[in-house]
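Laboratory data are not the source of any read-out in this text; all were calculated from the coordinates shown. In this text, all values refer to a predicted model and were calculated from it rather than measured experimentally. No Cβ is skipped: glycine too gets one built from the backbone with ideal geometry, and neighbour counts run over all protein chains shown.
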Amino acid sequence: MTLRERIDTDIKTAMKSKEKVRLETVRSIKKVLLEKEVSARPEALTESQEMEVLVQIAKQRRDSIEQYNKAGRQDLAEQEAAELAIIEEYLPAQMSDAEVSAVLDEIIVSVAATSAKDMGKVMGAAMQQLKGKADGKKIQEMVKAKLNG
């Protein structure tokens with residue numbers, strides 16, 4: 001089942017079960033994917049492009065949660081967290097810190113990084129290899145620690 005088919009099925013299921021948050025969230029995912037597809041015409045979106053869109057939507061939710069928590073708006077942060085949980089159902093499973101660390105160690109060796117000056121080389125390879133599988137902020141923090149430590 002393609003992502004688009006899964007989203008359509010989930011919309012129908014959410015409508016039948018009257019799950020308002022799920023329905024709104026899945027509809028918003030579909031809307032963003034359609035907008036992205038219209039801008040990419042005449043080609044349809046590839047699977048990796050669809051994943052990029054989902055990663056971007058999830059990142060926006062995480063940033064919103066952080067901002068709402070700073071502003072003391074727990075109600076809005078909880079709503080964003082609920083939506084993020086639904087969005088993450090469509091993303092590939094996130095890698096554990098240990099798995100990310102192991103991949104980063106391999107990348108550091110392969111690009112011969114020795115100091116913080118090599119962070120760009122490591123991050124470029126890491127983001128390519130770990131896109132959608134780990135949070136970019138977490139990857140960046142781990143690379144900094146490994147190159148400075």
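Grab the alpha carbons of region 3-88, take their convex hull, and tell me the volume per residue in Å³. Working shown, then result.
Details: hull volume 7.3 nm³, N = 86.
Per-residue hull volume (Cα only) is 84 Å³.
Any idea what the dipole of region 23-101 comes to, in debye rounded to 20, about its Cα centre with Lys/Arg Cβ at +1 and Asp/Glu Cβ at -1?
Values: 10 positive and 17 negative charges, 65 e Å.
Rounded to the nearest 20 debye, it is 320 debye.
Most exposed first by the Cβ proxy, i.e. fewest other Cβ within 10 Å, how do Glu5, Glu89 rank? Present the calculation step by step, with values, prior to reporting the outcome.
Working: Glu5 9, Glu89 12.
Fewest to most other Cβ atoms nearby, the residues stand as Glu5, Glu89.
How large is the charge dipole for the chain, taken about the Cα centre, if only the Cβ atoms of Lys, Arg (+1) and Asp, Glu (-1) carry charge, to the nearest 20 debye?
Details: 25 positive and 26 negative charges, 62 e Å.
Dipole magnitude for the chain comes out near 300 debye.
Charges on Cβ only, +1 for Lys and Arg, -1 for Asp and Glu, centred on the Cα centroid of the chain; of Leu23, Leu104, Ala134, which one is farthest towards the dipole's positive end?
Leu23
Could you list Arg22, Arg4 in order of exposure, starting from the residue whose Cβ has the fewest other Cβ atoms within 10 Å? All intermediate terms of the calculation are to be shown ahead of the outcome.
Numbers: Arg22 20, Arg4 15.
Final ranking by Cβ density, sparse to dense: Arg4, Arg22.
Could you work out the percent of alpha carbon pairs in the chain separated by over 22 Å, rounded to a whole number? Show your work: numbers first, answer last.
On the way: 5720 of 11026 pairs.
The share of Cα pairs beyond 22 Å in the chain comes to 52 percent.
Using a 10 Å cut-off around each Cβ, can you sort Val53, Val26, Val111, Val143 from fewest to most neighbouring Cβ atoms?
Details: Val53 19, Val26 26, Val111 15, Val143 23.
The order, fewest Cβ neighbours first, is Val111, Val53, Val143, Val26.
Quick check on the chain: helices-only [θ] at 222 nm, where DSSP H runs of length 4 and up contribute -39,500 (n - 2.57) each and the sum goes over total residues. Nearest 500, please.
Details: 7 runs with 112 residues, N = 149.
Calculated from helices alone, the mean residue ellipticity at 222 nm is -25000 deg cm²/dmol.
Take peptides 132-141, 63-72, 37-46, 78-87 and line them up by average Cβ neighbours within 10 Å, highest first, as a rough protection proxy. Kindly include the intermediate steps, with their values, before the conclusion.
Numbers: 132-141: 16.0, 63-72: 13.6, 37-46: 10.1, 78-87: 17.6.
Put in order of decreasing packing, that is 78-87, 132-141, 63-72, 37-46.
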